[in-house]
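Student: One structure, as structure tokens, below. Some questions next.
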Amino acid sequence: MISAPLRTSVGSALRSAAASSKRAPVSRSMATLVDEKRLPAKFGGKYTVTLVPGDGIGKEVADSVKEIFEALKVPVQWEQYDVSGETTGGDDLFQQAMESLKRNKVGLKGILYTPIDQTGHNSWNVAMRQQLDIYASVVVCKSLPGFPTRHDNVDFAIIRENTEGEYSGLEHQSYPGVVESLKVSTRAKAERIARFAFDFAVKNNRKKVTCVHKANIMKLGDGLFLNTCRRVAEQEYGHTGIKFEAMIVDNTAMQLVSKPQQFDVMVMPNLYGTICANIGSALVGGPGITPGCNFGREYALFEPGCRHVGKDIMGTNKANPTALILSSTMMLRHLGLESQANLIAGATYDLVKEGKIRTADLGGSATTTDFTKGLIQRLL
């Protein structure tokens, strides 16, 4: 069973994720009820947060967040580490960033590039989650008011197990030309992500949890995940009235693009989570507007929900900073800074709805600078 302190901490984090998806400011009773024991300490009236801008458009959108926080005088000071997956020899800086995260317990990051070449280093994005045991990824895919897409009224949350599965990183060549890649699945980690998903559903008035799997083929690995989720649903959350269903991952992909309104909360292993998050992001407008967050027992890391570096528009001042801005409002709610979170999130949604300042990914011609200035003007 999950311990009571962890339930409290996870619960506050879950509400921060959901509240960030709402356009209007939310009341204290509906938003974060922060477990003060798990918050980092304030120094000089400010929280210290680790900032890793990431590669590609990372520095541009991180600068946008910093300008907004400064304009609104948000009581956050940054410990910034310009870690990059593009360069060799960055291990020391990465370890410094990790020590900062362990010290501050809260971080905001962009996406770090992961080389495809076999000689390249393993993903530092994955390393952060595994080393800090930030086991739960939350991505809320929600239609934005005033920005129509192919599907209306999309509103679902993807809960992804972050630390095992295909991302275990255990590969070897058993014979020249023969590679074995191990997918690790454990009952303990399936249980805690299942509980996390149902806690999210309970605390955010969601009605259904869908377990995404491939147990028809991977009968042991995905079978364990599916059966564990089903058992948690029946034995621990049966009294809540939340419906539980299971869906094979390939059918899930088809259902997402044909009738996404059927989904509410989705829980799944690592690889399926990143695929479904990309599909969900595309449904509501793309990677530039989808926020995300990651939670563990002690640490919380906030980053865009759709994990794209954006190298193709790097340095062009065309990036949409919305995803990182909304991720930062999730972070503020996690810190108990609800009024600032509501102001920034509300102004962001209003700016998108108004439609006068839109970046290229949303069909406009505004720059990152234009969007940031427009948002600040609404706040002041």
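The values are calculated or read from the model by the stated rules, or taken from the named source; none is laboratory data. Keep in mind it's a predicted model, so treat the numbers as computed, not measured. With ideal geometry, Cβ positions are generated from the backbone for all residues, glycine too; neighbour counts draw on all protein chains shown. With ligands, DNA and RNA removed, areas are computed over all heavy atoms of the protein, side chains included. Shrake-Rupley method; radii C 1.70, N 1.55, O 1.52, S 1.80 Å.
Student: Can you pull out every residue in the range 355-380 that is among the hydroxyl-bearing types (Ser, Thr, Tyr) and within 21 Å of Cys306 (Cα to Cα)?
Tutor: Thr359, Thr367, Thr368, Thr372
Condition check ((1) β-branched (Val, Ile, Thr); (2) modelled with pLDDT of 95 or more) across all residues:
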position: His172; (1), (2): no, no
position: Ala190; (1), (2): no, yes
position: Thr210; (1), (2): yes, yes
position: Asn216; (1), (2): no, yes
position: Lys219; (1), (2): no, yes
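Student: Applying the selection to the range 39-58, what residues are surrounded by fewer than 17 Cβ atoms within 10 Å (Cβ to Cβ) and modelled with pLDDT of 95 or more?
Tutor: None; the set is empty.
Student: Can you give me the number of residues within the range 71-91 that are closer than 25 Å to Gly310 by Cα, open to solvent by 10 Å² or more (accessible area, probe 1.4 Å) and out of contact with any strand residue (DSSP E or B) (no Cβ under 7 Å at 6 or more places or on another chain)?
Tutor: Residues of the range 71-91 that are closer than 25 Å to Gly310 by Cα, as a first pass: 78-91.
From the residues that got through so far, the ones that are open to solvent by 10 Å² or more (accessible area, probe 1.4 Å) too are 78-82, 84, 86-91.
Add one more test, that the residue is out of contact with any strand residue (DSSP E or B) (no Cβ under 7 Å at 6 or more places or on another chain), and what stays is 82, 84, 86-91.
Qualifying residue count, the range 71-91: 8.
Student: Here is a follow-up. Please specify each residue of the range 264-290 satisfying the condition of being within 13 Å of Asp155 (Cα to Cα), open to solvent by less than 10 Å² (accessible area, probe 1.4 Å) and touching a helix residue (DSSP H, G or I) at 6+ places or on another chain (Cβ under 7 Å).
Tutor: Correct list: Val265, Met266, Gly280, Thr290.
Student: So in the range 92-125, with the set limited to residues that are at pLDDT below 75 and hydroxyl-bearing (Ser, Thr, Tyr), which one is most open to solvent (accessible area, probe 1.4 Å)?
Tutor: Of everything passing the filter in the range 92-125, Thr119 is most open to solvent (accessible area, probe 1.4 Å).
Student: Also, quick follow-up: Pairs, please: C-beta under 9 Å, at least 6 apart or cross-chain, first residue farther than 14 Å from Phe69 by Cβ and free of Cβ contacts under 8 Å to residues at least 24 places away in the same chain and in the range 309-338, second among the β-branched types (Val, Ile, Thr) and open to solvent by 10 Å² or more (accessible area, probe 1.4 Å)?
Tutor: Taking only residues 6 or more apart or on different chains, the pairs are Thr316/Ile57; Thr316/Thr367.
Student: Under 6 Å between Cβ atoms, at least 6 apart or on separate chains: pull out the pairs that start in the range 198-213 with a residue that is farther than 22 Å from Tyr272 by Cβ and end on any residue that is open to solvent by 10 Å² or more (accessible area, probe 1.4 Å).
Tutor: Hits for this filter: Val202/Thr240; Lys203/Arg15.
Student: Can you pull out every residue in the range 154-195 that is under 30 Å from Tyr349 (Cα atoms) and touching a Ser or Thr at 6+ places or on another chain (Cβ under 6 Å)?
Tutor: Result: Val154, Arg160, Asn162.
Student: Also, quick follow-up: Do we have any residue at all in the range 304-325 that's open to solvent by 20 Å² or more (accessible area, probe 1.4 Å), among the polar types (S, T, N, Q) and modelled with pLDDT of 95 or more?
Tutor: Checking the range 304-325: at least one residue is open to solvent by 20 Å² or more (accessible area, probe 1.4 Å), among the polar types (S, T, N, Q) and modelled with pLDDT of 95 or more.
Student: Can you find, within the range 268-289, the residue that is modelled with the lowest pLDDT among those that are more than 12 Å from Ile111 (Cβ to Cβ) and among the polar types (S, T, N, Q)?
Tutor: Asn270
Student: Additional query: Which one of the conditions (1) on the phi > 0 side of the Ramachandran plot; (2) in contact with a strand residue (DSSP E or B) (Cβ under 6 Å, 6 or more places away or on another chain) does Gly177 fail to meet, given that it meets all the rest?
Tutor: Among (1) on the phi > 0 side of the Ramachandran plot; (2) in contact with a strand residue (DSSP E or B) (Cβ under 6 Å, 6 or more places away or on another chain), Gly177 violates only (2).
Student: So, one more: Search the range 340-368 for residues being polar (S, T, N, Q) and touching a residue at least 60 places away in the same chain (Cβ under 8 Å), and hand back the single one that is farthest from Pro287 (Cα to Cα).
Tutor: Result: Gln340.
Student: For the range 216-237, give me the residue count where each residue is touching a residue at least 12 places away in the same chain (Cβ under 8 Å) and small (Gly, Ala, Ser).
Tutor: 2
Student: Across the range 238-262, which residue is surrounded by the most Cβ atoms within 10 Å (Cβ to Cβ) among those that are farther than 16 Å from Ala277 by Cα and in contact (Cβ under 8 Å) with a residue 40 or more places away in the chain?
Tutor: Ile242
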